[in-house]
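Below is one structure, written out as structure tokens; comments come after it.
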């Protein structure tokens, strides 16, 4: 196939790959949660996060209106992999249990990461991440409103970056 030829495809999901973001958020008891995501994009000093509406991270962000976006480097794959298939929700939601997710209260220890205090928000930053952004929620939008059986399952959360550590 030449470089000008294209084939029509129907991928199971539109997942083209974006930087891995480790989101830290504050749990109800004052401890923090870490969640890896790859649905994030930036425009100016704002970021839009694509999150499942029922996740612990989403619950925390909606409750506190803040989070830290920690950008993982390629060399951090081992840390990120240790967080895969973990959830801060107890009990584990059925949709995650079906995919073998396990509840982990202390994800810092699980991944071998070190917290650093933030300047403007409660959740800590991840010391090992080369870039850390303290953020405040601006707006929340429900996605997939065109599919009644899926409406509200995914959210687009716009956050404003308050401070960048690099």
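Summary of values
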{"quantity": "Residues of segment 42-52 satisfying the condition of being crowded, with 16+ Cβ neighbours inside 10 Å and farther than 18 Å from residue 90 by Cβ", "calculated": "47, 48, 49, 51"}
{"quantity": "Yes/no for residue 62 being crowded, with 20+ Cβ neighbours inside 10 Å, closer than 19 Å to residue 160 by Cβ and modelled with pLDDT of 95 or more", "calculated": "no"}
{"quantity": "Any hit, segment 39-49, residues being in contact with a helix residue (DSSP H, G or I) (Cβ under 6 Å, 6 or more places away or on another chain), more than 15 Å from residue 156 (Cα to Cα) and free of Cβ contacts under 8 Å to residues at least 60 places away in the same chain", "calculated": "no"}
{"quantity": "Tally, over segment 104-120, of residues that are without any contact (Cβ under 8 Å) to a residue 60 or more places away in the chain and buried (at least 18 other Cβ atoms within 10 Å of the Cβ)", "calculated": "2"}
{"quantity": "Single unsatisfied condition, residue 163 versus (1) over 16 Å from the mean Cα position of the chain (by Cα); (2) crowded, with 16+ Cβ neighbours inside 10 Å; (3) touching a residue at least 40 places away in the same chain (Cβ under 8 Å)", "calculated": "(2)"}
{"quantity": "Selection count where residues are closer than 27 Å to residue 45 by Cβ, surrounded by 14 or more Cβ atoms within 10 Å (Cβ to Cβ) and more than 13 Å from the chain's Cα centre (by Cα), scope segment 74-93", "calculated": "2"}
{"quantity": "Pairs, first in contact (Cβ under 8 Å) with a residue 60 or more places away in the chain in segment 86-101, second assigned to a loop (DSSP other than H, G, I, E, B) and surrounded by 13 or more Cβ atoms within 10 Å (Cβ to Cβ), C-beta under 6 Å, six or more apart", "calculated": "none"}
{"quantity": "Test: residue in segment 130-150 that is in contact with a helix residue (DSSP H, G or I) (Cβ under 8 Å, 6 or more places away or on another chain), at pLDDT 95 or above and not in a helix (DSSP H, G or I)", "calculated": "yes"}
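The values are calculated or read from the model by the stated rules, or taken from the named source; none is laboratory data. Quick caveat: nothing in here was measured; it's all calculated off a predicted structure. Because the Cβ atoms are built from the backbone with ideal geometry, glycine has one as well, and the counts that use them run over all protein chains shown.
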